[in-house]
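The values are calculated or read from the model by the stated rules, or taken from the named source; none is laboratory data. Quantities reported herein were computed from a predicted structural model and do not represent experimental measurements. Because the Cβ atoms are built from the backbone with ideal geometry, glycine has one as well, and the counts that use them run over all protein chains shown. Ligands, DNA and RNA are stripped out before the accessible areas are found, and what is left, the full protein with its side chains, is counted by its heavy atoms. Shrake-Rupley method; radii C 1.70, N 1.55, O 1.52, S 1.80 Å.
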Amino acid sequence: MLNIILMGPPGAGKGTQATRLVDSFHLPHISTGDMFRENIKNGTPLGLQAKAIIEAGGLVPDEVTCAMVKDRLSREDCANGFLLDGFPRTIPQAEELEKIGEELGRKVNLVIDITVPEEELIRRISGRRVCPKCGASYHIDTMKPQKEGICDRCGSEIVQRKDDNAESFRVRLENYYESTQPIADFYKEKGNYRLFDGTIGADNLFREIAKLLEEHK
Ligand code: AP5
Ligand code: MG
């Protein structure tokens with residue numbers, strides 16, 4: 001069973017790897033960032049609550065985020081595995097996820113952390129374009145879609161994220177170092193944690209992670 005967490009700083013390549021992994025291993029892709037952006041687009045109460053926080057690069061409160069994830073993990077399509085992208089992001093979220101997993105009989109059994117130096121993260125984020133429909137990521141110089149402005153995966157128009165500006169990125173990175181990075185130790189103690197070098201190219205990284213997933217299937 002593959003009940004996976006994908007973690008790493010903003011721009012590490014979580015979304016890029018997640019879309020490839022879920023296509024190959026047939027898992028639901030649960031990206032809390034994508035879920036919030038979908039709610040913002042649809043003007044839901046959750047979206048209205050999260051909009052200003054996300055655009056400024058802050059973290060949505062734990063209670064709100066955990067309730068959203070619990071609801072998503074309860075669905076039938078998560079019974080045979082799932083891939084969480086961008087959750088948990090704080091120690092309280094990691095603790096809550098343990099409880100949710102216990103309750104639903106869907107405990108996380110593999111944590112994949114991607115590390116990339118800060119200068120490279122800035123370069124990636126400043127040129128990123130994303131697909132608002134399927135969550136695929138592109139880069140204006142290094143990962144162009146086959147047809148300019150159009151997502152290879154689902155044919156939608158790709159856009160720049162509102163929080164992909166220098167100011168919000170700085171806040172996201174600070175939150176990452178302060179709140180998210182400590183989660184690595186939480187999982188290292190449990191013995192199901194693996195760290196990957198995120199600078200080896202998206203194809204090479206995918207091969208390395210896929211190899212690990214094959215062993216865990
Ligand atoms: P979220 O959407 O999760 O954003 P993030 O964590 O900041 O991460 P990114 O999506 O920016 O980066 P990524 O690692 O997916 O990189 P990507 O693959 O796109 O969250 C957004 C916001 O929502 C948060 O700031 C917060 O406000 C809120 N939120 C979400 N979850 C929350 C939670 N649990 N609790 C509270 N609040 C929450 O790649 C980046 C770029 O690099 C692309 O251009 C790509 O083409 C390129 N690239 C990717 N891989 C490579 C590679 N190997 N080599 C070269 N270039 C590459
Ligand atoms: Mg992402």
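Give me the Kirkwood hydrodynamic radius of region 1-46, using the inverse of the mean 1/r over all pairs of distinct Cα atoms, in Å to one decimal.
It is 12.0 Å.
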Over region 1-150 - Rg/Rh using Cα atoms and the Kirkwood inverse-distance radius:
0.95
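If eta is 1.306 mPa s and T is 10 °C, what Stokes-Einstein diffusion coefficient results for region 58-135, Kirkwood Rh from Cα pairs, in µm²/s? Each step should come with its number before you reach the end.
Values: Rh = 14.6 Å.
Approximately 109 µm²/s, per Stokes-Einstein.
How many percent of the accessible area of region 1-84 is carbon or sulfur, using a 1.4 Å probe? Walk me through the numbers before you get to the answer.
Numbers: 1850 of 3390 Å².
Carbon and sulfur atoms account for 55 percent of the accessible area of region 1-84.
Where does each of Thr90, Thr115 land when they are ordered by accessible area, with a 1.4 Å probe and the largest first? All intermediate terms of the calculation are to be shown ahead of the outcome.
On the way: Thr90 15, Thr115 65 Å².
Correct descending sequence by accessible area is Thr115, Thr90.
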Rounded to the nearest 10 Å², the accessible area of Tyr177 at probe 1.4 Å
100
For the chain, with only Lys/Arg (+1) and Asp/Glu (-1) charged at the beta-carbon, what is the dipole magnitude about the Cα centre, in debye rounded to 20?
540
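Tell me, what is the percent relative contact order of region 110-157, built from C-alpha pairs under 8 Å that lie six or more residues apart? Don't jump to the answer; show the numbers that get you there.
On the way: 36 pairs, mean separation 12.6, N = 48.
Relative contact order of region 110-157: 26 percent.
Going by the alpha-carbon gyration tensor, a ≥ b ≥ c the square roots of its eigenvalues, is region 99-154 rounded (a/c under 1.5) or, if a/c is not under 1.5, prolate (a/b greater than b/c) versus oblate? Walk me through the numbers on the way to the answer.
Details: a/c = 3.77, a/b = 1.70, b/c = 2.22.
Oblate.
When Rg is the radius of gyration of the Cα atoms in region 32-81 and Rh is its Kirkwood radius, what does Rg/Rh come to?
Details: Rg = 11.7 Å, Rh = 11.5 Å.
In region 32-81, Rg relative to Rh is 1.02.
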What residue among Asp113, Asp152, Asp164 has the largest mean-square fluctuation in a Gaussian network model of the chain, using Cα springs under 10 Å?
Asp152
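Taking Cα pairs under 8 Å and at least six residues apart, what relative contact order does the chain come out at, in percent?
On the way: 317 pairs, mean separation 68.4, N = 217.
32 percent.
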Cα-derived Rg to Rh of region 94-217, Kirkwood definition
1.00
What would the Debye formula give as log10 I(q)/I(0) at q = 0.14, 0.21 Å⁻¹ for the alpha-carbon point model of region 157-203, no solvent?
-0.59, -0.94
Kirkwood Rh over Cα pairs of region 133-185 into Stokes-Einstein at 4 °C, 1.567 mPa s: D in µm²/s?
98
